[in-house]
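Since the structure comes first, as structure tokens, the remarks are kept for the end.
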Amino acid sequence: MKLELGNFHVEDIEFGNETTFNDGLLTIDKEEALEVVYKDEHITEADLKIVKPGDMVRLVPVKEAIEPRYREEGGPVFPGVTGDLMQAGDGRTLAMKDMSVLVVGKHWGGFQDGLIDMGGEGAKYTYFSQLKNVVLVADTDEDFEKHEQQKKNRALRWAGMRLSEYLGKALKDKEPDEVETYTLDPITKRSEEVSELPSVVMVMQPQSQMEEPGYNDLNYGWDTNNMLPTFMHPNEVLDGAMISGSFMPCSSKWSTYDMQNFPLIRRLYEEHGETINFIGVIMSNLNVAMEQKERSAQFVAQMAKSLGADAALVAEEGYGNPDADYIGCLVALEDAGVKTVGVSNEATGRDGGSQPLVSLDPKADALVSTGNVSELIKLPPMDTVIGELEALARDGLSGGWDDDEVLGSSVKKDGSIVMENNSMFCGDQIAGWSTKTMKEY
Amino acid sequence: MSKAIVYLNQFFGQIGGEDVADHEPEIRDKKVGAAMLYDQLLDADVTHTIICGDNFVGSKEEEAIDRILGFLEDKEFDIFFAGPAFQAGRYGNACGAIGKAVKEEFDVPVISSMNEENPGVDMYKKDIYIFPGGQSAAKMKDDVTKMVEFGNKILNGEKLLPAEEEGYFIRGIRHQYFLPDETPAYERAIDMLLKKINNEEYVSELPIPELDTVKIADPIEDLSKITVALVTSGGIVPIDNPDRIQSASATRWGKYYIDDVDQLQNRRQEAFKTIHAGYDPAAADTDPNRVVPVDAMRKYEEVGKIGKLYKYFYSTVGTGTTQGEAARMGQEITEELLEDGVQAVILTST
């Protein structure tokens with residue numbers, strides 16, 4: 001399997017008469033782009049905005065981030081989701097770098113939605129403030145969940161994917177700025193030189209804890225709740241096989257953009273053939289019942305062992321209850337003789353004094369920490385809000401509240417906010433970008 | 001100008017030595033002894049000095065705290081210092097207990113200093129800032145300087161850095177921290193993974209406290225020929241507490257001869273009592289055999305269930321005692337028992 005990612009660096013974005021990409025400039029025909037968004041009759045209102053790093057703009061409730069791409073040989077960017085099922089990870093895919101499509105609710109938010117500040121002191125809390133973003137801000141007629149804390153956000157998330165594919169088409173027949181090539185020989189067919197290096201697997205635990213369909217991360221369109229751990233080629237993850245779901249406090253989530261760019265996978269690729277033999281990805285999941293958690297951990301450990309892995313990196317998309325899956329998986333791997341490093345965030349409370357993970361085990365002796373979900377963050381008002389600021393307080397966002405005995409509402413009259421890190425959009429960057437760690441104070 | 005209050009024991013408060021360790025708590029509206037040093041270095045006025053004997057706090061902790069909080073009720077202060085306590089266990093305990101109470105009641109920063117061997121560190125590092133200090137008063141100036149430098153940062157509203165940079169003992173309080181060099185998690189993860197693969201040292205970003213679990217011993221098949229000892233953390237001692245075992249956070253143990261008795265006589269009989277400060281002593285003072293069951297063991301001897309009850313019982317106090325101190329005392333006691341051919345121990349707690 002050989003994936004070529006043709007990168008186009010987007011230097012600027014503007015609206016114009018035709019959607020084109022030329023010399024780093026992405027021009028968007030807004031009307032045509034919105035037609036693509038409105039293809040789903042459930043979209044009732046939609047608009048596009050452009051935001052750039054440093055803009056004094058606050059976006060909330062943010063539901064999804066996607067990198068616009070184009071599959072050169074044809075077929076959907078997200079197989080099994082935006083089109084027919086096909087093999088991802090083999091061939092050439094063109095990608096718009098340094099930008100994303102952000103999907104923001106025009107009014108309504110939920111537990112899983114987040115906030116992004118493009119400028120000011122709040123910018124450091126999310127990855128997406130560093131990118132130029134095309135913002136789809138829209139509303140839907142999904143009234144059944146309008147006042148639900150847990151939202152599937154189906155119409156909006158799919159509109160974001162359609163919009164990303166539409167923008168990606170502007171790259172058709174263009175020559176990329178650079179081409180990244182990702183290839184691994186079949187495990188049993190690798191050169192002696194490579195085979196002798198320590199073998200490493202990447203274990204991903206995408207969010208899959210909702211029993212009802214429509215909330216969980218999808219693997220080629222398949223609900224990861226219905227999945228046992230399975231072996232995947234890392235190229236599949238980097239090429240649209242995995243899409244983000246709509247469940248879990250937002251700072252712990254992986255957006256679809258995170259999946260497409262998964263930094264831990266890319267970094268393992270860099271080491272492949274140099275210091276390690278990168279075996280591939282064991283795609284696990286996160287569960288509710290103890291037996292499900294144990295079953296997944298058992299599958300992961302068995303698979304790692306059978307694949308001959310000497311070491312593993314485990315990353316958990318979530319915190320709280322799924323910490324039991326995370327620690328359980330780390331322990332199962334260590335017990336199987338696989339040297340393991342875990343990557344996740346912590347929940348030590350606003351005062352920092354709580355137990356960092358729900359489950360702890362001395363065998364989890366090599367952990368990278370990417371943030372504290374309950375860190376209290378106060379931010380001044382912003383010139384512009386895209387979406388609806390009140391959603392942070394009103395709609396049950398995981399890091400917002402409408403009334404707190406001491407802190408009052410998350411949203412103040414002057415537009416300033418007080419919130420928990422929980423609602424920073426994919427803020428703990430567990431996919432690997434996080435420049436945060438945890439320290440004793 | 002901000003205001004500070006300093007807590008000192010009888011020695012550093014210039015009352016006297018061990019002979020006045022029962023000195024009752026008092027507050028003076030001036031700088032006494034070590035409080036002068038604080039005043040010189042601090043960006044605040046030291047308005048009062050609180051002085052209390054170490055034994056007073058040790059034996060009447062609750063009363064000491066109540067009285068000291070009472071002194072402070074009508075005082076204005078922005079910061080509170082206790083110690084430094086160096087390696088003095090009772091003083092460390094006092095600084096911790098008083099400091100914790102002041103922190104909880106008045107919500108001001110409380111800073112102390114203790115030597116790492118001082119049991120007060122483990123007991124109170126979660127509650128107040130404790131800086132690692134010297135072993136003795138020779139380090140007074142260094143220790144106070146460290147405390148005051150940090151205190152000044154707080155008073156001046158400066159950004160406080162993580163514990164490892166400020167220097168105080170970690171408290172189990174974890175907050176997120178943006179790495180100044182912006183090393184992303186993927187680099188840290190790969191670095192840690194390669195080090196772990198190559199058996200090199202690495203530092204986990206979330207250290208998990210090692211659980212020191214002790215395997216349960218195999219059962220003894222035949223008790224009828226062996227000597228069994230009674231050991232307790234329930235604080236049963238002869239009524240004059242000859243080994244001066246502390247009522248809390250014990251660092252000492254004692255052994256008491258029982259070969260000539262069928263059961264322990266009680267407090268009214270001026271024999272045994274409990275000095276344990278962690279439970280209601282009424283029942284144990286009335287019948288110390290309920291904590292150290294000499295009476296029951298004698299019955300077992302009679303019927304031949306056990307060979308013999310060992311001639312001494314061992315006692316210490318378990319409340320607030322650090323795991324480190326408890327392990328040390330346990331080892332010391334075990335050495336003696338093994339030397340004297342004791343093959344089994346019944347350990348009673350409360």
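The values are calculated or read from the model by the stated rules, or taken from the named source; none is laboratory data. Computed from a predicted model, the values in this text were never measured in an experiment. Don't worry about glycine lacking a Cβ; one is built from the backbone with ideal geometry, like all the others, and counts go over all protein chains shown.
So the values come out like this:
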read-out	value
Test: residue in the range A:197-206 that is farther than 18 Å from residue A:301 by Cα and either without any contact (Cβ under 8 Å) to a residue 24 or more places away in the chain or buried (at least 24 other Cβ atoms within 10 Å of the Cβ) (or both)	no
Verdict on residue B:330 being assigned to a helix (DSSP H, G or I) and on the phi < 0 side of the Ramachandran plot	yes
Those residues of the range A:362-376 which are touching a Ser or Thr at 6+ places or on another chain (Cβ under 9 Å), more than 17 Å from residue A:419 (Cβ to Cβ) and facing chain B (nearest Cβ under 7 Å), in sequence order	A:364, A:365, A:366, A:367, A:368, A:369, A:370
Selected residue (only one of B:33, B:53, B:16 is over 23 Å from residue B:241 (Cβ atoms) and either in contact with a His (Cβ under 9 Å, 6 or more places away or on another chain) or modelled with pLDDT under 95 (or both))	B:33
Residues satisfying the stated conditions in the range A:377-407, i.e. of a type outside the set (Gly, Ala, Ser) and within 14 Å of chain B (Cβ to nearest Cβ)	A:377, A:406
Per-region count, the range B:244-264, residues surrounded by fewer than 17 Cβ atoms within 10 Å (Cβ to Cβ) and touching a strand residue (DSSP E or B) at 6+ places or on another chain (Cβ under 7 Å)	2
Selected residue (only one of A:45, A:64, A:121 is touching a Ser or Thr at 6+ places or on another chain (Cβ under 7 Å), of a type in the set (Asp, Glu) and at pLDDT 95 or above)	A:64
Qualifying positions in the range B:14-68 - in a strand (DSSP E or B) and of a type in the set (Gly, Ala, Ser)	B:44
Out of B:159, B:146, sole residue that is more than 9 Å from chain A (Cβ to nearest Cβ) and more than 23 Å from the chain's Cα centre (by Cα)	B:159
Filtered residue count, the range B:178-231, keeping only those that are part of a strand (DSSP E or B), more than 10 Å from chain A (Cβ to nearest Cβ) and not small (Gly, Ala, Ser)	4
Residue pairs meeting the criteria (Cβ under 7 Å; at least 6 apart or on separate chains; first at positive phi, in the range A:151-169; second hydroxyl-bearing (Ser, Thr, Tyr))	A:153/A:246
Count - residues of the range A:425-441 that are assigned to a loop (DSSP other than H, G, I, E, B), crowded, with 24+ Cβ neighbours inside 10 Å and facing chain B (nearest Cβ under 7 Å)	3
Residue list for the range B:333-350, restricted to those being over 25 Å from residue B:89 (Cα atoms) and in a loop (DSSP other than H, G, I, E, B)	B:340, B:341, B:342, B:343
Given (1) without any contact (Cβ under 8 Å) to a residue 60 or more places away in the chain; (2) within 14 Å of chain A (Cβ to nearest Cβ), number of the condition residue B:154 does not satisfy	(1)
Boolean, residue A:323 is of a type outside the set (Val, Ile, Thr), without any contact (Cβ under 8 Å) to a residue 60 or more places away in the chain and touching a strand residue (DSSP E or B) at 6+ places or on another chain (Cβ under 9 Å)	yes
Candidate set: the range B:34-69, residues that are of a type in the set (D, E, K, R) and within 22 Å of residue B:21 (Cβ to Cβ); chosen: the one surrounded by the most Cβ atoms within 10 Å (Cβ to Cβ)	B:54
Options A:192, A:196; residue that is within 14 Å of chain B (Cβ to nearest Cβ) and out of contact with any strand residue (DSSP E or B) (no Cβ under 6 Å at 6 or more places or on another chain)	A:196
The range B:299-326 residues that are over 19 Å from residue B:234 (Cα atoms) and modelled with pLDDT of 85 or more, paired with ones that are among the aliphatic types (A, V, I, L, M) and in a strand (DSSP E or B) (beta carbon under 7 Å, 6 or more apart)	B:301/B:309; B:306/B:228
Qualifying residue in the range A:349-361 (condition: at pLDDT 95 or above and more than 8 Å from chain B (Cβ to nearest Cβ))	no
Looking only at the range A:339-348, and only at residues there that are at the interface with chain B (Cβ under 7 Å from one of its Cβ atoms) and touching a residue at least 40 places away in the same chain (Cβ under 8 Å), the one that is nearest to residue B:204 (Cα to Cα)	A:343
The range B:329-346: number of residues that are surrounded by 13 or more Cβ atoms within 10 Å (Cβ to Cβ), out of contact with any helix residue (DSSP H, G or I) (no Cβ under 7 Å at 6 or more places or on another chain) and either of a type in the set (A, V, I, L, M, F, W, C) or not assigned by TED's automatic domain parsing to the domain that holds residue B:309 (or both)	6
Matching residues in the range A:215-235 - criterion: being in a loop (DSSP other than H, G, I, E, B) and buried (at least 22 other Cβ atoms within 10 Å of the Cβ)	A:215, A:216, A:217, A:229
Flag for residue A:293 being under 25 Å from the mean Cα position of the chain (by Cα), assigned to a strand (DSSP E or B) and away from chain B (no Cβ under 14 Å)	no
Residue B:5 modelled with pLDDT of 95 or more and touching a Pro at 6+ places or on another chain (Cβ under 8 Å)	no
Hits in the range A:351-365 - residues which are within 24 Å of residue B:198 (Cβ to Cβ) and surrounded by fewer than 24 Cβ atoms within 10 Å (Cβ to Cβ)	A:361, A:362, A:363, A:365
Residues located in the range B:103-128, provided they are assigned to a helix (DSSP H, G or I) and either in contact (Cβ under 8 Å) with a residue 60 or more places away in the chain or among the acidic types (Asp, Glu) (or both)	B:104, B:105, B:119, B:120, B:122, B:123
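Listed here are the residues, each with its yes/no results for (1) in contact with a helix residue (DSSP H, G or I) (Cβ under 8 Å, 6 or more places away or on another chain); (2) buried (at least 17 other Cβ atoms within 10 Å of the Cβ); (3) in contact (Cβ under 8 Å) with a residue 40 or more places away in the chain.
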{"site": "A:267", "(1), (2), (3)": "yes, yes, yes"}
{"site": "A:280", "(1), (2), (3)": "yes, yes, yes"}
{"site": "A:289", "(1), (2), (3)": "no, no, no"}
{"site": "A:296", "(1), (2), (3)": "yes, yes, yes"}
{"site": "A:313", "(1), (2), (3)": "yes, yes, yes"}
{"site": "A:316", "(1), (2), (3)": "yes, yes, yes"}
{"site": "A:327", "(1), (2), (3)": "no, yes, no"}
{"site": "A:337", "(1), (2), (3)": "yes, no, no"}
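For every residue, the table says whether it meets (1) under 27 Å from residue A:376 (Cα atoms); (2) more than 14 Å from chain B (Cβ to nearest Cβ); (3) among the hydrophobic types (A, V, I, L, M, F, W, C).
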| position | (1), (2), (3) |
| --- | --- |
| A:243 | no, yes, yes |
| A:253 | yes, yes, no |
| A:272 | no, no, no |
| A:275 | no, no, no |
